[in-house]
Each structure stands twice: as C-alpha cells, then as structure tokens.
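Asker: Dropping a structure here in structure tokens format, bear with me for questions.
The values are calculated or read from the model by the stated rules, or taken from the named source; none is laboratory data. These numbers were taken from a predicted model, which means no experiment stands behind them. Note that each Cβ is placed from the backbone with ideal geometry, even for glycine, and that neighbours are counted across all protein chains shown.
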Amino acid sequence: MGISYQGASTSPDRTPLILIPGLFGSKLRRVTTGEEIWPGSWQSVLFSDYRELALRGSVDSPVEAFDLAEQVLGFDYYRPLLETLVRYGGYVRTRPGQAPPATGRALYVFPYDWRQDNALHAVALERLIQQIRVDHHDPRLKVDIVAHSMGGVVARYYLRFGPRDVLGGDPGDITLYGAEHVRKLVLLGTPNFGSISALEGMIGGEPVGLGRIPPDVIATMPSVFQLLPHPLAPWLLDADGHTVDADLYDTATWRSFNMGIFARSRTDQRQPMVDHENIDERLFATYLEKARRLAWMLSTPEPRSPIRYVLFGGNCEQTPARLQLREVDGATRAEGPNTGSRGRASAHDLFEPGDGRVTKPSLLARETLDPSAPQHEEAFLPLAYYFFLCERHDRLTSNPNFQDNLLHILLTPMLPWDTLPRR
C-alpha cells in the first residue's frame, strides 16, 4: 500500500480532509477542571457506570470534546487510520486556526460531544469548515470528509441542511448547503437506516468494559435516539416470527412493551438498574419525535445530488436486525435477539449480515436484504459505490482493504462516478 501511494502524495491537489468519528469516538472532559470523563482511566473503562455522562436535558453541558479517542485499553480505534493517512497519503495533522502545511494536505479531526443532538454537531462542523477556509485563504475551498458510524449521520445532515436546525417543527426545504462545501464524502459503517444495536443499548444499557452505561443515562442523549431504526424498517417480531406493526417513536409503544426506562421491575440481573428519579418522560418523547423527523429528513429525495457518497461497511458478522416479544415476569417485553429464548423466531428472522452493529441493509438504506426488492421511494441515498469488508464495526477503521481503497478515492482527482449525471 505504501509503494502504491507514496508517489500520489506529491499531487498538486491539496484538498483538506476532515475525519469525523462515531458515537463514543471523541474524548470528553469537564470544562472547569479539565477532568476527562470519557473514556477516562482504565479503571473507569472497566468498572464505571458512567452516570456522570447524563445530560439532564440541558444543551449547555459543562463538558467539551477535545480529541479523538484514538486508543482505549490498548485497542486502536482511529490511530492506524490516522497513521496511514499521514504516512502514505501525504496528509499532515493540522489544527483549525493554524496555517496549512507548506506541502501535503491538511488533515483535521472533528471531535464533538457525541451525546448531543446531531443538528448541533452540524453547526460545529460548519464552524470548522469556515475556519479551514480562512486558514487556507480561500473562501470557496471544498473539503473531503471521511465519517465513521454516527459521524456519517452528522455529515449527511450537514450536506443537506448545513448549520440549520430543521428538526424543531419547521423542516423547510432541503437546501444542500453543505454539499457546496464538500468535494467527496466517504461513509464507514454508517447506520443510514438506523441500528437495532442502538435500540438494545437504550433497553438494556450500553456495554463498556465489565459494566454498562444504564438506560436512564443513555435516555438523556438525543444522539442515540437518532440512531434508532428508520420508521420504514421492520424492527419488531412476535414470538412466532411475524412482524409487529408498532410505532417505535411513540412512548406508548415503549410503555406497552416494557422497554428501556419504561420497563417495570424485573428479576433479570442483566438489566441495569434504572434510576427513575432522573427520568424526564416529556423530554424522552421530544427526543423520539426529533429522531423521527431526522430519519425522514435524511431519506426523502433530494432535488439534485451534487455529491455521490461512497460507502464502506461489514457484511460477515451476525448483526441484530429486529427485536422480539417475550413474556418475562408476567409482562410482555420487547428484547434484543441475544437475550433469552427466541420462541419460534429463527436466527434468520432476528439477525442479518453486517458488522455486528450495523446491518448491510441499513448501510445501504434499504428495508430488506433482498436485492430484488425495489428501493423505497422515501429511502433516498445518493450512492456512488459501496465496498463490503469482512470486519467488525469497531475494527473497520483499521482494516487495510478499507485504508487502501480510501487512499485511492481521496488521492484520485476524478473518479468514474464524479462524471455521472447529477439528479
């Protein structure tokens, strides 16, 4: 790979690159003390329940993102990708506000408070891009973006709406504001049709180390709601394996099926304790509704597509695709496919190929794995090309095949799909 691309690093093209991490991919610290609260020390990663991450309904959190979580407990998440871009792509790590490198291409990372609403992250991304234009003395400069997991949701929102919040009740028209600021967009493991794994985290807590972030903490994070399965996606089966027509974005559904913060007491010790004193049900309903609007606003057809996205994802891991209804402690509960018995629902019903967190259909913004089924008209994704890797979600960034193809995409000035007619 190095021999193939070292020569390309002398190319006159100097388009800056922004790397956007996914959920949990940015370090967080307290503004007042500088104390790192995510991921924190190795003791925290192994044993903490991270209750200090709860947002309590305020967007003015005394916490800031300050860097990528490149490595946790010795496991590399983003470091190998950054090293490849620098060593073989001719990129130079650069901070906003600094002069761009004299040679090579500027590489920026975009840490953000991944707990917050993705519309807020789009505002911060706009500030970064405008600062890059100032630093490069070019008010019309375009950037390339590589976005991992939820970072792809941030990037897609920005391309469609720029820094405008369209989720507060007045969606407005798709402006494609950000698409005029971006040259190429590469999405890696992005849940374009949502993720059952995110829903499992809201129901049973998010595994971290030897513990879990409890459901009532996750319920304070608007971003996680925005990773839930798309309203078009079949997400629930009964015990016989039949699809259940239930509105995931209605709190009545959560109550009816004892999901997450609405679960009644149970004897299953795998369910993290929920502190009901810290639950704001009205805010929960607000976050659900905003997530519903985001899903539709990202999938409705665009008037035109100045950029075609390149997708990378995994398709070798058995990945949760649906929940199922079970009788537990005398109550009907919707639970993840890895919990308890499956009744008459088979593994084929509950799992689909993917990377362990994002299914292949979700990556492609499809309702079904069946390639003969037509794409739903309200599942628009301006797709240029897609690559599948035999890799887990948390290892996608380190995959050499991804890195090799990524360098080709970024360092080739004009690719075949760049000449396709725009919609």
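Asker: For region 279-306, give me each residue that is β-branched (Val, Ile, Thr) and touching a His at 6+ places or on another chain (Cβ under 6 Å).
Answerer: None - no residue of region 279-306 is β-branched (Val, Ile, Thr) and touching a His at 6+ places or on another chain (Cβ under 6 Å), so the list stays empty.
Asker: Answer yes or no as to whether residue 32 is in a loop (DSSP other than H, G, I, E, B), modelled with pLDDT of 90 or more, of a type in the set (Val, Ile, Thr) and more than 28 Å from residue 392 (Cβ to Cβ).
Answerer: When the stated conditions are applied, residue 32 does not pass them.
Asker: Would you check if residue 52 is in a helix (DSSP H, G or I), of a type in the set (Asp, Glu) and modelled with pLDDT under 90?
Answerer: For residue 52, the condition - in a helix (DSSP H, G or I), of a type in the set (Asp, Glu) and modelled with pLDDT under 90 - is met.
Asker: Condition first: within 15 Å of the chain's Cα centre (by Cα) and in a helix (DSSP H, G or I). Now tell me which residues in region 126-157 satisfy that.
Answerer: Of everything in region 126-157, those that are within 15 Å of the chain's Cα centre (by Cα) and in a helix (DSSP H, G or I) turn out to be 150, 151, 152, 153, 154, 155, 156, 157.
Asker: Could you pull out the residue among 176, 228, 199 that is under 23 Å from residue 53 (Cα atoms), assigned to a loop (DSSP other than H, G, I, E, B) and aliphatic (A, V, I, L, M)?
Answerer: Matching residue, one of 176, 228, 199: 228.
Asker: Let me ask something else. Looking only at residues that are part of a strand (DSSP E or B) and crowded, with 21+ Cβ neighbours inside 10 Å in region 179-196, which one is farthest from the chain's Cα centre (by Cα)?
Answerer: Filtering first and then ranking leaves 184.
Asker: Tell me which residues, restricted to region 231-256, are assigned to a helix (DSSP H, G or I) and of a type in the set (Val, Ile, Thr).
Answerer: 251, 253 - these are the residues of region 231-256 that are assigned to a helix (DSSP H, G or I) and of a type in the set (Val, Ile, Thr).
Asker: Are any residues in region 290-319 surrounded by fewer than 16 Cβ atoms within 10 Å (Cβ to Cβ) and within 19 Å of residue 196 (Cα to Cα), and if so, which ones?
Answerer: Of everything in region 290-319, those that are surrounded by fewer than 16 Cβ atoms within 10 Å (Cβ to Cβ) and within 19 Å of residue 196 (Cα to Cα) turn out to be 296, 316, 318.
Asker: Specify which of the listed residues (212, 156) is in contact with a strand residue (DSSP E or B) (Cβ under 8 Å, 6 or more places away or on another chain), at pLDDT below 95 and over 22 Å from residue 285 (Cα atoms).
Answerer: Exactly one residue qualifies, and that residue is 212.
Asker: Determine the pairs where a residue that is farther than 15 Å from residue 78 by Cα and touching a residue at least 24 places away in the same chain (Cβ under 8 Å), located within region 381-400, has a partner that is buried (at least 21 other Cβ atoms within 10 Å of the Cβ) and among the hydroxyl-bearing types (Ser, Thr, Tyr) with Cβ atoms under 9 Å apart, the partner being 6 or more residues away or on another chain.
Answerer: 381/309; 382/309; 383/309; 384/309; 385/309; 386/309
Residue by residue, here is whether (1) at pLDDT 90 or above; (2) under 25 Å from the mean Cα position of the chain (by Cα); (3) assigned to a strand (DSSP E or B); (4) under 21 Å from residue 404 (Cβ atoms) holds:
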| residue | (1), (2), (3), (4) |
| --- | --- |
| 4 | no, no, no, yes |
| 15 | yes, yes, no, yes |
| 28 | yes, yes, yes, no |
| 43 | no, no, no, no |
| 46 | no, yes, no, no |
| 64 | yes, yes, yes, no |
| 84 | yes, yes, no, yes |
| 87 | yes, no, no, yes |
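Asker: Could you grab me the full set of residues in region 202-225 that are aliphatic (A, V, I, L, M), under 21 Å from residue 118 (Cβ atoms) and part of a loop (DSSP other than H, G, I, E, B)?
Answerer: Across region 202-225, the qualifying residues are 219, 221.
Asker: What pairs can you find where one residue is in region 320-333 and part of a strand (DSSP E or B), the other is buried (at least 18 other Cβ atoms within 10 Å of the Cβ) and of a type in the set (A, V, I, L, M), and their Cβ atoms are less than 6 Å apart, with a gap of 6+ or different chains?
Answerer: Final answer for the pair search is 320/196; 323/236; 323/334; 324/237; 324/345; 325/334; 332/325.
Asker: What do you reckon, is residue 236 aliphatic (A, V, I, L, M), buried (at least 24 other Cβ atoms within 10 Å of the Cβ) and at pLDDT 95 or above?
Answerer: The answer is no for residue 236.
Conditions (1) in contact with a Lys or Arg (Cβ under 8 Å, 6 or more places away or on another chain); (2) more than 24 Å from residue 241 (Cβ to Cβ); (3) modelled with pLDDT under 95; (4) part of a helix (DSSP H, G or I), marked per residue:
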| position | (1), (2), (3), (4) |
| --- | --- |
| 356 | yes, no, no, no |
| 361 | no, no, no, yes |
| 370 | no, no, yes, no |
| 384 | yes, yes, yes, no |
| 391 | no, yes, no, no |
| 395 | no, yes, yes, yes |
| 401 | no, yes, no, yes |
| 406 | no, yes, no, yes |
| 421 | no, yes, yes, no |
